[in-house]
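Each reported figure results from applying straightforward, stated rules to the coordinates on display, with no laboratory input. Here the structure is a predicted model, which is why all the values come from computation and not from measurement. No Cβ is skipped: glycine too gets one built from the backbone with ideal geometry, and neighbour counts run over all protein chains shown.
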Amino acid sequence: MKKIPEWYVITGGPGSGKTTTLEHIAKLGYYTVPEDSRMYIDRELAKGKTIEEIRGDKQEFQNHITKVKFQLEKKTPNNKTVFMDRGMPDLLAYYRYLKLKLPKNLVGQCKNRYKKIFLLGMLPFKNDYARIETEKEAKMIHKTIKKTYMELGYKVVRIPVASVEKRVKMILKHIK
């Protein structure tokens, strides 16, 4: 069996504080990988598209996000401790939640990839320029993400709602 790199995933439903937590971890000097969907959305918005145009066709949007995620992980070093804003199983969870056709081999690509998964508790919900889900949808996505990682055999560490500093402290305690 291949050795799993020191890759750790910070995940949770929309609005759980993943990006803020990851930014704090980056300030401590760790290698981080940003969220694939935000990168894609930001790139497309910069081209003059609207969020409705970008996210209008759910299948097409998820397929683009999957390509971005594969590219990001391909460039991610295997010899460093890395924290990622979402992992491959998040993609699988979204495809399942949205009842979309899965890309070939996605399930296989999700297994045995990450050392540990940190599931952040949901913060009070707020929409932003890229987050268009309702609070109810965000909670359902959160549950689907958790279930997907567990079905794939990952150890999921729940990180409760707390200050970003406390959350980061809890996360780092689990990797030592």
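Observations
- Residue-wise HN-Hα coupling along region 108-124, computed from phi with Karplus coefficients 6.51, -1.76, 1.60 (Hz; x: Gly, Pro): x, 6, 7, 7, 6, 10, 10, 5, 7, 10, 10, 9, 7, x, 6, 7, x
- Distance between region 129-168 and region 45-105 - C-alpha centres, whole angstrom: 16
- Contact order for region 7-175, expressed relative to its length and based on alpha carbon pairs under 8 Å spaced 6+ residues apart, stands at 37 percent.
- The ranking of H142, H24 from fewest to most other beta carbons within 10 Å of each one's beta carbon is H24, H142.
- Fluctuation leader among M122, M88, M39 - the chain, Gaussian network, Cα springs under 10 angstrom: M39
- Sequence-ordered 3J(HN,Hα) estimates for region 163-174 from the Karplus curve with 6.51, -1.76 and 1.60 and θ = phi - 60° stand at 5, 4, 4, 5, 4, 4, 4, 4, 4, 5, 4, 7 Hz, glycine and proline given as x.
- Counted by neighbouring Cβ atoms within 10 Å, the residues D42, D128 run from fewest to most as D128, D42.
- Residues whose placed amide H lies under 5 Å from that of K116, excluding near-sequence neighbours: V9
- Over the chain, dividing the summed -39,500 (n - 2.57) contributions of all DSSP H runs of at least 4 residues by the number of residues returns a 222 nm mean residue ellipticity of -15500 deg cm²/dmol.
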